[in-house]
Amino acid sequence: MPNLAPPIVQPSLAAIEALPPGISGVTPDALEAWFAAHGEPPFRARQVLDAVWRSGAASPAEVTTLKPSLQAALGDAFRWDTLGDTEVIATEGGLTEKALHRLDDGVAIESVLMRYPSAPGRRERATLCISSQAGCAVGCPFCATGELGFGRDLLTSEILDQVRSAVRRLAAKGRRLTNIVFMGMGEPLLNLDRVLEAVSALNDPARLGLGARQITVSTSGVVPGIRRLTGLGPQFTLAISLHAARDPLRDVLVPLNRRWPVAEVVAAAREHARATGRRISYEVTMIGGVNDTDADSDAIAGILRGQLAHVNLIPMNPVAHTPWTASPMPVIERFADRLRDAGLPTTIRRNRGQEVGAACGQLAAERSGTPAPAAVARRRDRLVASSAAALRGERSREAVPAGIDAGTEANSLPTAPGIAGATRRAAGGGARWHGARGPR
Ligand code: SF4
């Protein structure tokens, strides 16, 4: 899929990595080591972590338990916040907040905070959807991020600072974050080392302390990444962006399917469920006249029947430059009923924040400029032709998107002292998942 809208600024991971590490990505061990090198006792690290994760301190100067010279040294050694600028747009009476974060190289990423008020028998929840990459190499045609193309991987601290931004905004209203989903911009399993470091920090009682079961990591089907996760035995939820169970159609909707076909993805997910005892969440974006037929629901039922699985149906968000729109609600309800009749627990997820472009990448794409009308027309024609061929049962002859295989190689680019050690621990050397604790 051609990139119609270039990123606002050409990203450079090397330039970003040359900057001081973000404080939120630094492990407690690394911080203790830093204080030890400055002749200070280990409890100083605890004071800084409390300030970073609980007090919402905006700078080292607000860590008042430290002497000014230490505050200054901390400020020189670490970036206190890697999000240079954040623009927040609220909608639905403040229930949905879309945040556009500008990183230190000018690249724009997004997070979406959705609040669900309490109801009889249900506590209030606040779910944050975060990005793991700037742009995305997978190029799903119904997704605004896919239109942007791949920019760069996010650093661990850039992933975590999206969370700190939301925690601060919630705390100002007396609220707290209850759930985090890696379903924003990017394919998390193509930036897996850093995503694991981030999950480790979110779950760590000494940092955010969010229960593992309150965290969901989503993938479009990076099979080596799923297998690697299975080896770690995580207690967070794994979500698979399925969208179709027929290969010809999934080749078009999730171009990564040309590399790992749906049967391979589902087999890896089934093994993950068996090894972890955790139910897999399968996401299906419902696109009118494309993937919402009885044949599609039957194909999904056929491939998932009898598995530890849950299906989420999501009406497609309107995305510029595609010929498609969401399936009508009666069609989605019929689809859901057929899945339930086949024994698959199925829910329909309501879209949130369409007025502010809550689908991942929409706001960043809008700010990237408008592609030429001729390019839009070409893209639409190509999608119409490729989906028509898919519905005739023809497999795609297009190549696997560039960057997919490279992204699955072990990516070991720690940026803060001690992070590599944290990853190794999370990667099997005594990984501990804190499932029971909620956020503090
Ligand atoms: S849906 Fe997810 S995997 Fe597909 S292009 Fe968008 S961000 Fe990437």
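We did not get these values from a lab; they are worked out from the coordinates using the rules stated. This structure is a prediction, so every number in the text was calculated from the model and none was measured. So basically every Cβ, Gly included, is an ideal-geometry build from the backbone, and we count neighbours across all protein chains shown.
Taking θ as phi - 60° and the Karplus parameters 6.51, -1.76 and 1.60, the scalar couplings of segment 207-212 work out to 10, 6, x, 7, x, 4 Hz in sequence order, x denoting glycine and proline. Around the amide H of L83, modelled in the peptide plane, lies no amide H under 5 Å away from a residue 5 or more places distant or on another chain.
Please give the charge dipole size of segment 28-77, origin at the Cα centre, charges +1 on K and R Cβ atoms and -1 on D and E Cβ atoms. Round to the nearest 20 debye. Let's see the in-between values first.
Numbers: 4 positive and 6 negative charges, 25 e Å.
Charge dipole, segment 28-77, about its Cα centre: 120 debye, nearest 20.
Radius of gyration over Kirkwood radius for segment 28-77, both on Cα atoms: the Rg/Rh ratio is 0.92.
Dipole magnitude for segment 68-135: about 460 debye, using +1 per Lys or Arg Cβ and -1 per Asp or Glu Cβ, origin at the Cα centre. The separation of segment 186-236 from segment 263-324, counted between C-alpha centres, amounts to 20 Å. Across segment 118-125, coupling constants 3J(HN,Hα) worked out from phi with the 6.51/-1.76/1.60 Karplus curve, θ = phi - 60°, read 5, 9, x, x, 9, 7, 4, 10 Hz, and Gly and Pro carry x. Spin-label model, R380/A402: points 7 Å from Cα along the beta carbon direction are separated by 2.7 nm. Structural descriptor for segment 28-77: relative contact order 24 percent, calculated from alpha carbon pairs under 8 angstrom and at least 6 residues apart.
Proximity of backbone amide H atoms, modeled 1.01 Å from N, is registered between A245 and I300 at under 5 Å, excluding neighbours fewer than 5 places apart on the same chain. In this structure, the amide hydrogen of I280, modeled 1.01 Å from its nitrogen in the peptide plane, lies closer than 5 angstrom to those of A309, H310, counting only residues at least 5 positions away or on a different chain. What nm distance separates the two modelled labels at A295 and D337, each placed 7 Å from Cα along Cα→Cβ? Roughly 2.2 nm, to one decimal.
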